[in-house]
1. Filter segment B:202-222 for residues that are assigned to a helix (DSSP H, G or I), open to solvent by less than 10 Å² (accessible area, probe 1.4 Å) and at negative phi and give the result.
2. How about segment B:159-172: which of its residues are more than 26 Å from B:I32 (Cα to Cα) and assigned to a strand (DSSP E or B)?
3. Just to confirm my filter: which strands (runs of 3 or more DSSP E) fall fully inside segment B:50-158 and include at least 3 residues that are open to solvent by 10 Å² or more (accessible area, probe 1.4 Å)?
4. Among the listed residues B:S187, B:S123, B:S166, identify the single one that is over 23 Å from the mean Cα position of the chain (by Cα) and assigned by TED's automatic domain parsing to the domain that holds B:K280.
5. Quick one: which residue in A:T261, A:T301, A:T268 is polar (S, T, N, Q), open to solvent by less than 50 Å² (accessible area, probe 1.4 Å), modelled with pLDDT of 95 or more and in contact with a Cys (Cβ under 7 Å, 6 or more places away or on another chain)?
6. Across segment B:119-131, what is the total count of residues that are in contact with an Asp or Glu (Cβ under 7 Å, 6 or more places away or on another chain) and within 7 Å of chain A (Cβ to nearest Cβ)?
7. In segment A:69-96, which residue that is within 14 Å of the chain's Cα centre (by Cα) and not aliphatic (A, V, I, L, M) is farthest from A:A40 (Cα to Cα)?
There are 2 protein chains.
Amino acid sequence: MTKTITLAQGNGGAENNELITKVFYNAFKNEILEKSEDAAVIENGKLAFSTDSFTVSPLFFNGANIGKLAICGTCNDLAMMGAKPKYLTCSVIIEEGFEVEQLEIIVNSMKEELAKNEAIIVSGDTKVVPRGAVDKIFINTTGIGEILYSGISSNNISEDDLILVSRDIGAHGATIFTAREGMDMHSNLKSDCNSLYPQVKALIDSGVKITALRDATRGGVSAVLNEWAKQSNICIEVEEENIPVSDEVKGICEMLGFEATNLANEGTFVLAISKEDAAKAIEVLHKFVEAKNACIIGKVTQQYPQRVILNSSWGTKRFLDTPTGELLPRIC
Amino acid sequence: MTKTITLAQGNGGAENNELITKVFYNAFKNEILEKSEDAAVIENGKLAFSTDSFTVSPLFFNGANIGKLAICGTCNDLAMMGAKPKYLTCSVIIEEGFEVEQLEIIVNSMKEELAKNEAIIVSGDTKVVPRGAVDKIFINTTGIGEILYSGISSNNISEDDLILVSRDIGAHGATIFTAREGMDMHSNLKSDCNSLYPQVKALIDSGVKITALRDATRGGVSAVLNEWAKQSNICIEVEEENIPVSDEVKGICEMLGFEATNLANEGTFVLAISKEDAAKAIEVLHKFVEAKNACIIGKVTQQYPQRVILNSSWGTKRFLDTPTGELLPRIC
């Protein structure tokens, strides 16, 4: 039987990792790529370099649109390596018949978000394809950042670190899901889509020792923790009751049987911070209104290396695995 | 009436330029972007940075496939700024159901072409979208190059320069057209798709004075010459009989009423070279089998600033304009 690509291979979960490893890493292999960080570190550790294509549907949703998302997504990947976003490229693929006015709204959102990162678009590409060749508009942004804080790596997490999360989780995934399904929640549910560089800059300026940072996009917090557990050969133990989840996201999870830890975020990051600096990091994050729920969610042990354990508030334990199967496609 | 995006706005011609200027440049404006070079020059002139999304249809055609094209396209843009392609990102958007085997062929072509540029992929992104959201596969590549020869700019061309072309023109556009229309030409027609860095490196090593280089992709040689005439405020006069066109491309142009100068190329570049070094540049290019037809095609005057004049072999003159209207979409 001919093997074909499945939606599960593009969801940020286990099958996605397998496709990336088998097809792309095998062909392109090199030391930088194999580090599997949020952004590549190049030019003797001076620059970070990262790419993302955005295919989100719907294009406009509560809290953001594809334009804001396209800038946040790439700038956040740079920030996660301790880099200040500096230069971006922007490549758009537009379907014939797309409204110019909508394009202008999207481009203006990009402009606003660039300003928050003090970054500029220096090169671009525009393709228009016939109806049916693309669903409305896809945007690729690729960015170069200047590394302000060296040594951030998801390969170096140890028992000296605590695991933190920057805010309540799952809002982006839940927002896209309800928008897609036409569910009017009459609620305050909105995407967390946001530029994280200001928070990272504040952490760096405060002098806390940062081991690793990763924004919990596709695959959610579960994917990040599992990647870290594997990359650093550690066990991560998280306390379920400490993981902040908004009432709106909780409601959707209960109704639909989702796990908040599997839902995508676009302005929420997981941190591995030196034990002695964890309280200070929380204090720094709490100065940002969007990070007012930042907290410690877990610790690093050697109990089950390469696995993540979730301690429930009922006293039970279970493994928290990388999400598998067909999660929501076109989340970002 | 609601204004919508047209195919003509994505063809590399006049309407494309207008869309880019009005919507993107207006929002993102900055000095680097406004230079409108093939690649942005950043980090105090040390690095070049360029992006391209590839949406070519069909994916496989005589001479190349979307994978080879995706590496050549971005590496060539870097080479056109006198840069050695160094680090690339690769972001793919794949339609659910796409055959893994086809993906592997594409990725292997990318690998082979990267080797010719001595460049590596350091970061990537994979999105899988449901059937109908994308036509098979789109690839974005974004590259960073190390500038080996400074000062290349399409804003500095003067009467001291001659205009050269590196090989016979129009092969890529003609190949895609015949493949798309199911025309079996029983001919040697194949895309010129090729990495240009080796030719540029040889030119740099030879010590010739290079004023400007540009690969003649969408919009063909006509678009490049018109961009240069405007950017440098000069008149470019080209001799029609000196422009190399293969018999296969000539045949297709005659049959279908195309102009070879408007057809896309993916391994052909236009050069503005100091008069005293033009012969030497030709000599260097002739060492490459693919550039055996490299020749001088025109000169720079002040007769009609910002316009391009085509002197026909019949002794008549006419303006060669930027192509307008609906050229072939999805050429690259």
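The values are calculated or read from the model by the stated rules, or taken from the named source; none is laboratory data. Everything numeric in this text was worked out from a predicted model, so none of it was measured. Don't worry about glycine lacking a Cβ; one is built from the backbone with ideal geometry, like all the others, and counts go over all protein chains shown. Accessible surface is based on the protein model in full, side chains and every heavy atom, while ligands, DNA and RNA are left aside. Shrake-Rupley method; radii C 1.70, N 1.55, O 1.52, S 1.80 Å.
1. If the condition is that a residue be assigned to a helix (DSSP H, G or I), open to solvent by less than 10 Å² (accessible area, probe 1.4 Å) and at negative phi, then B:L203, B:V221, B:S222 are the ones that fit.
2. Those that are more than 26 Å from B:I32 (Cα to Cα) and assigned to a strand (DSSP E or B): B:L162, B:L164, B:V165.
3. B:83-95, B:120-129
4. Checking each option against the conditions leaves just B:S187.
5. After applying the criteria, what remains is A:T301.
6. 4
7. In this case the residue turns out to be A:C72.
Residues are listed down the side, and each one gets a yes or a no for (1) open to solvent by less than 80 Å² (accessible area, probe 1.4 Å); (2) over 27 Å from A:N65 (Cα atoms); (3) of a type outside the set (K, R):
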site: A:K280; (1), (2), (3): no, yes, no
site: A:E290; (1), (2), (3): yes, no, yes
site: A:N293; (1), (2), (3): yes, no, yes
site: A:I296; (1), (2), (3): yes, yes, yes
site: A:F319; (1), (2), (3): yes, yes, yes
site: A:R330; (1), (2), (3): yes, no, no
